[in-house]
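The values are calculated or read from the model by the stated rules, or taken from the named source; none is laboratory data. What you see is a predicted model; the values in this text were computed from it and never measured. With ideal geometry, Cβ positions are generated from the backbone for all residues, glycine too; neighbour counts draw on all protein chains shown. Keep in mind that these areas ignore ligands, DNA and RNA; they rest on the heavy atoms of the full protein, side chains included. Shrake-Rupley method; radii C 1.70, N 1.55, O 1.52, S 1.80 Å.
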Amino acid sequence: MLKQDTPTHILAVNSRTPTPDWDKLSFSFSETDVMYRSFGDQTQDPIWDEGEYLPFGAIELSPAAAFMSYGLGVFEGLKAQRSDDGRILLFRHRDNGLRLQKSAERLLMAPFPEDQFVEAVEEIVRRNERFVPPKGKGTLYLRPMEHAIENKLGLGPCEKFLVTIYSSPVGSYFSLKAAEMPKGLRIRCLEQGRVAPGGTGFAKAMGNYAGGITIAANWREKGFDDVLYLEAHHKKYITETSGSNVFVLLKNGTLVTPPLDDQILPGITRDSAYQTAKDVLGVKCEQRPISIDEAIEDAEEIFCTGTAWTVRNIGEIVHHDKTYTFEKNDLQTSLLQEILSYQTGEKEDPFGWVKEVKL
Ligand code: COI
């Protein structure tokens, strides 16, 4: 297993990785130059070392590392974007650091210090600057993670942790072309929960995503873009898709999203969309349980929010083998444009969410 004094020879060095074709970006991994890692040990003071920047490459870990068996890992996703004048902007990255802490604490892992997270994220962007796509072509997606890495055979809390941050230039999560956007996503509603009541649904934990991959893959084969899960106990209220929060704009003009609980991830795009709708666009907003029946009967628009998904409208939901279509996407479009305009520096961000990475 890697220890804090492990030399860095295990890391492949390739500092001239070509940048991808900016016109062909999709939401897939491509290598960048530099990654970050920091080791934590609960028995030490301070718990975390100062961290280091290394050429992107493989890391060596013990097969007995706790996360390998027990999924003791949490992660984040955030984006750096270019403005028209070539500056690089980060969006609410301190909030990602805070959420990483909360997720880690849910799995009894040591929280990674907020300021260290912010500094590391900014430095990773700086050191991979040449991979930040030109404005309008895509974003540099950052993937911070924390894993429990000590050898562990039985179940129990861990003391040794690894935080890693890597980045990848990405394009749109879905292959829908701009012209197809109004049609929106095709979603299958499932009579099941994404996560268990009382489980880890509010944390961005590895296990929350693993189980859903096969489910979404099955429905994708049948022509759907993704699935919509219901609250696990009552199977009545909407929760999330595989990787996004959900909003419903009712015909009476109220925008509703499920309240934060043990089955809802506190999405940063969710919060941004909520605040932007309420405070900038003047929309009446509510966080309350909303049943699939109410959504289907009364929705003017339904849309998804997430870092990777951005703000995407749902055009069609199939529930109990009946198809419901939602033709409007005015609010979704306004929210997407408004949030994008902050993220790319086109408009002044009234919330203080955007920070320029000084090169
Ligand atoms: C993100 O939106 O950044 C996520 O981490 C979700 C993942 C399914 C891509």
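Can you tell which of 57, 243, 193 shows the greatest fluctuation in a Gaussian network model of the chain with Cα springs below 10 Å?
Most flexible of the set in this elastic network: 57.
Find the all-direction average of the projected area of the Cα convex hull for the chain, expressing the result in square nanometres with one decimal place. Don't skip to the answer; put the middle values down first.
Working: hull surface 72.4 nm².
The orientation-averaged projected area of the Cα hull of the chain comes to 18.1 nm².
Heavy atoms only, 1.4 Å probe, whole protein assembly: order 35, 68, 206, 145 by accessible area, highest first.
68, 206, 145, 35
Could you do me a favour and compute the accessible area per residue for the stretch 235-359, 1.4 Å probe, result in Å²?
Values: 5200 Å² over 125 residues.
About 42 Å² of surface per residue is accessible.
Report the relative contact order of the chain, percent, no decimals, based on alpha-carbon pairs under 8 angstrom and at least 6 residues apart.
Details: 783 pairs, mean separation 65.6, N = 359.
The normalised contact order for the chain reaches 18 percent.
With every protein chain kept in place and ligands, DNA and RNA left out, what is the accessible area per residue of the stretch 22-170? Probe 1.4 Å, answer in Å². Each step should come with its number before you reach the end.
Working: 6120 Å² over 149 residues.
Value for the stretch 22-170: 41 Å² per residue.
List the pairs from 135/204; 135/251; 137/358; 24/183; 222/322; 102/355 whose alpha-carbon separation is above 26 Å, in the order I gave them. Each step should come with its number before you reach the end.
Working: 135/204 29 Å; 135/251 35 Å; 137/358 21 Å; 24/183 22 Å; 222/322 15 Å; 102/355 22 Å.
Beyond 26 Å between Cα atoms: 135/204; 135/251.
Out of 128, 151, 245, any idea which swings most in a Gaussian network model of the chain, alpha carbons joined below 10 Å?
Of 128, 151, 245, the Gaussian network model singles out 151 as fluctuating most.
Along the charge dipole of the chain, pointing to its positive end and built from +1/-1 on Cβ of Lys, Arg, Asp and Glu, which listed residue (344, 359, 163) has its Cα farthest out?
Final value for the positive-end residue is 344.
Hey, got a sec? Which trypsin sites (Lys or Arg not before Pro) in the stretch 242-308 land in a DSSP loop and have at most 16 other Cβ atoms within 10 Å? Before the final figure, lay out the partial values.
Values: sites: 251, 270, 278, 284; in loops: 251.
The qualifying sites are 251.
Give me the one-decimal nm value for the distance between modelled label points at residue 119 and residue 87, 7 Å along each residue's Cα-to-Cβ direction.
Between residue 119 and residue 87, the simple spin-label model gives 2.4 nm.
Let's see if you can work this out: charge +1 on each Lys and Arg Cβ, -1 on each Asp and Glu Cβ, no other charges. What is the dipole magnitude of the chain about its Cα centre, in debye to the nearest 20?
Numbers: 41 positive and 52 negative charges, 132 e Å.
The calculated dipole for the chain is roughly 640 debye.
Projecting each Cα onto the charge dipole of the chain (Lys/Arg +1, Asp/Glu -1 at the beta carbon, about the Cα centre), which of 121, 39, 249 comes out farthest on the positive side?
Looking along the dipole axis, the top candidate is 249.
Ignoring ligands, DNA and RNA, please state the percent of accessible area on the chain from carbon and sulfur, probe 1.4 Å. Present the calculation step by step, with values, prior to reporting the outcome.
Numbers: 8140 of 16060 Å².
The nonpolar share, carbon plus sulfur, comes to 51 percent.
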